[in-house]
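Chemist: First the structure, which I've put down as structure tokens, then a few questions once you've had a look.
The values are calculated or read from the model by the stated rules, or taken from the named source; none is laboratory data. What you see is a predicted model, and the numbers here were worked out from it, not measured in a lab. Because the Cβ atoms are built from the backbone with ideal geometry, glycine has one as well, and the counts that use them run over all protein chains shown.
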Amino acid sequence: MNMVRLDKKKFGDFILELSVEHAVYAPGNTGGKTDFIPVSSEDEINLKTLVTDLSPKGIFFPHSEVLYEYDTEGIRVPEKEAGKPIAVWGMRGCDSRSLLMLNKVFGSAIQMPDNKNFQDPYWKEKYDSSVIFGSACNMPQSTCFCNWFGDGPHSREGMDVFVVDAGDHYLMEPVSDKGSNILGKLTCLTDSLEGDAEAALKLASEAESTMVPPMDVNGLGELLNDLYDEPVWEDISAKCINCGACTFSCPTCHCYDIQDEGKGSSGKRIRIWDSCMFPIFTMEASGHNPRALSSQRVRQRVMHKYSYFLEKYGDFLCTGCGRCITVCPVNLDIREVLKTINVYNRQGITNG
Ligand code: SF4
Ligand code: SF4
């Protein structure tokens with residue numbers, strides 16, 4: 001299937017048509033923040049936002065999710081709502097790529113001690129049936145650094161349909177078979193015109209030209225491993241107040257806790273987001289805390305993203321979306337952390 005057009009005057013029809021068979025999510029305003037919210041009409045969508053305050057991970061991995069309910073009769077997995085597959089409109093390339101990373105954790109088969117393969121059914125049910133309408137960024141923000149990781153403002157990774165805002169219309173290009181199928185079904189679309197593909201390429205090159213040249217991240221994992229015991233972590237973490245805002249807004253952070261909420265002989269087992277930045281995250285029953293210091297927790301977050309995940313899955317656990325930079329109340333900029341580490345290493349080599 002080739003590129004198609006959607007006249008912006010028909011955007012409302014497009015959302016209505018998509019909603020017939022899908023639970024549609026799109027950027028919207030909620031509680032003074034922008035987030036991906038369930039929508040049923042054009043009016044609920046915030047088309048101006050580039051990177052939403054909160055990431056779309058919550059669509060597939062909710063902040064709080066009931067895994068099962070229990071009572072004296074046994075346990076029951078709650079019925080799933082609506083039952084429609086999810087369609088997401090307006091997901092930027094950094095966010096669609098983050099879902100590929102989370103899918104490595106929740107969606108990959110893990111061999112258990114009994115030799116059975118385990119995949120997270122709560123994630124898989126939602127993610128595998130979803131269709132992602134990704135959105136090109138024509139004007140990246142100053143906090144965007146997706147280009148550090150080989151990506152760019154017109155990246156298509158993790159999308160089913162790639163959408164370019166081309167003024168009074170959108171250009172849509174299928175990226176996956178799922179994307180082709182859905183574009184083939186939607187009646188409000190028209191064929192692309194001569195020059196549309198070139199117009200999209202021009203927007204891509206203009207957007208790329210506005211981005212600050214990236215830091216070279218080759219060898220970053222090994223570098224971090226070498227610096228694990230160095231005092232540089234105390235300097236880096238000095239102003240962190242361990243609020244956890246960076247981890248909650250991050251599209252790739254996925255630590256969680258399991259809590260039971262019970263009353264009498266019945267209750268619920270709930271999965272709820274947690275943060276490695278919280279002091280009690282690693283507190284053991286004995287009272288011992290292997291990451292009692294803020295510097296140890298900041299180091300863990302950085303090492304997980306740029307060393308451990310790379311070693312295990314062959315990719316950094318960061319898309320360069322910049323949310324952690326925007327949200328941090330003490331302006332701890334992850335780009336500056338990585339640059340500090342680079343400089344520290346060079347000085348260490350020089351001094352050695
Ligand atoms: S948002 Fe900033 S202050 Fe809060 S935990 Fe993250 S780095 Fe620390
Ligand atoms: S670490 Fe920061 S820049 Fe990287 S994906 Fe998470 S929020 Fe985005």
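Chemist: Would you pick out the residues in the range 275-305 that are free of Cβ contacts under 8 Å to residues at least 40 places away in the same chain and either on the phi > 0 side of the Ramachandran plot or within 12 Å of ligand 1 (Cβ to nearest atom) (or both)?
Modeler: Ser275, Cys276, Met277, Phe278, Pro279, Phe281, Gly287, Gln300
Chemist: Quick check on Thr247: is it of a type in the set (Ser, Thr, Tyr), surrounded by 19 or more Cβ atoms within 10 Å (Cβ to Cβ) and part of a helix (DSSP H, G or I)?
Modeler: Yes; evaluated as a whole, the condition is true for this residue.
Chemist: State which residue is farthest from ligand 1 (Cβ to nearest atom) when the search covers only the range 223-244 and only residues that are assigned to a loop (DSSP other than H, G, I, E, B) and among the aliphatic types (A, V, I, L, M).
Modeler: Top of the filtered list is Leu227.
Chemist: Give the residue, chosen from Tyr306, Tyr344, that is touching a helix residue (DSSP H, G or I) at 6+ places or on another chain (Cβ under 7 Å) and closer than 25 Å to Leu100 by Cβ.
Modeler: Only one candidate passes the filter, namely Tyr306.
Chemist: For the range 228-248, enumerate the residues that are within 16 Å of ligand 2 (Cβ to nearest atom) and free of Cβ contacts under 8 Å to residues at least 12 places away in the same chain.
Modeler: none
Chemist: Out of everything in the range 24-37 that is modelled with pLDDT of 95 or more and out of contact with any Leu (no Cβ under 9 Å at 6 or more places or on another chain), what residue ends up being nearest to Val88 (Cα to Cα)?
Modeler: Of everything passing the filter in the range 24-37, Tyr25 is nearest to Val88 (Cα to Cα).
Chemist: Would a scan of the range 33-45 turn up a residue that is touching a strand residue (DSSP E or B) at 6+ places or on another chain (Cβ under 6 Å), among the acidic types (Asp, Glu) and surrounded by 15 or more Cβ atoms within 10 Å (Cβ to Cβ)?
Modeler: The answer is yes, given that some residue of the range 33-45 is touching a strand residue (DSSP E or B) at 6+ places or on another chain (Cβ under 6 Å), among the acidic types (Asp, Glu) and surrounded by 15 or more Cβ atoms within 10 Å (Cβ to Cβ).
Chemist: Looking at Ala166, Ala109, Ala82, which one is at pLDDT 95 or above, more than 16 Å from ligand 2 (Cβ to nearest atom) and surrounded by fewer than 21 Cβ atoms within 10 Å (Cβ to Cβ)?
Modeler: Ala166
Chemist: Check Trp89 against each of (1) over 30 Å from Ser266 (Cα atoms); (2) of a type in the set (Phe, Trp, Tyr); (3) exposed (fewer than 14 other Cβ atoms within 10 Å of the Cβ) and name the one condition it does not meet.
Modeler: If we test Trp89 against (1) over 30 Å from Ser266 (Cα atoms); (2) of a type in the set (Phe, Trp, Tyr); (3) exposed (fewer than 14 other Cβ atoms within 10 Å of the Cβ), just (3) comes out false.
Chemist: I'd like to check something: does the range 252-274 contain any residue that is polar (S, T, N, Q), more than 21 Å from Tyr228 (Cα to Cα) and either within 11 Å of ligand 2 (Cβ to nearest atom) or in a helix (DSSP H, G or I) (or both)?
Modeler: Scanning the range 252-274, I find at least one residue that is polar (S, T, N, Q), more than 21 Å from Tyr228 (Cα to Cα) and either within 11 Å of ligand 2 (Cβ to nearest atom) or in a helix (DSSP H, G or I) (or both), so the answer is yes.
Chemist: What about Ser307, is it over 30 Å from Met139 (Cβ atoms) and not basic (Lys, Arg)?
Modeler: Yes.
Chemist: What strands (runs of 3 or more DSSP E) lie completely within the range 1-100 and have 1 or more residues being closer than 30 Å to Phe149 by Cβ?
Modeler: 4-7, 23-30, 33-38, 64-71, 86-92
Chemist: Identify, please: which residue in the range 320-335 is of a type in the set (D, E, K, R) and part of a helix (DSSP H, G or I) and is, among those, surrounded by the fewest Cβ atoms within 10 Å (Cβ to Cβ)?
Modeler: For the range 320-335, the residue satisfying everything is Arg335.
Chemist: List the pairs whose first member sits in the range 194-222 and is among the hydroxyl-bearing types (Ser, Thr, Tyr), whose second member is surrounded by 13 or more Cβ atoms within 10 Å (Cβ to Cβ), and whose Cβ atoms are under 8 Å apart, counting only residues at least 6 apart or on separate chains?
Modeler: If the second residue must be surrounded by 13 or more Cβ atoms within 10 Å (Cβ to Cβ), the pairs left are Thr210/Pro140.
Chemist: If you check Leu310, Leu317, Leu338, which single one turns out to be assigned to a loop (DSSP other than H, G, I, E, B) and modelled with pLDDT of 95 or more?
Modeler: Result of the check over Leu310, Leu317, Leu338: Leu317.
Chemist: When the residues of the range 250-274 are filtered to those that are among the charged types (D, E, K, R) and free of Cβ contacts under 8 Å to residues at least 12 places away in the same chain, which remaining residue is surrounded by the most Cβ atoms within 10 Å (Cβ to Cβ)?
Modeler: Glu261
Chemist: Oh, and also: For the range 155-208, how many residues meet the condition of being among the hydrophobic types (A, V, I, L, M, F, W, C) and part of a helix (DSSP H, G or I)?
Modeler: Summing the residues that are among the hydrophobic types (A, V, I, L, M, F, W, C) and part of a helix (DSSP H, G or I) in the range 155-208 gives 9.
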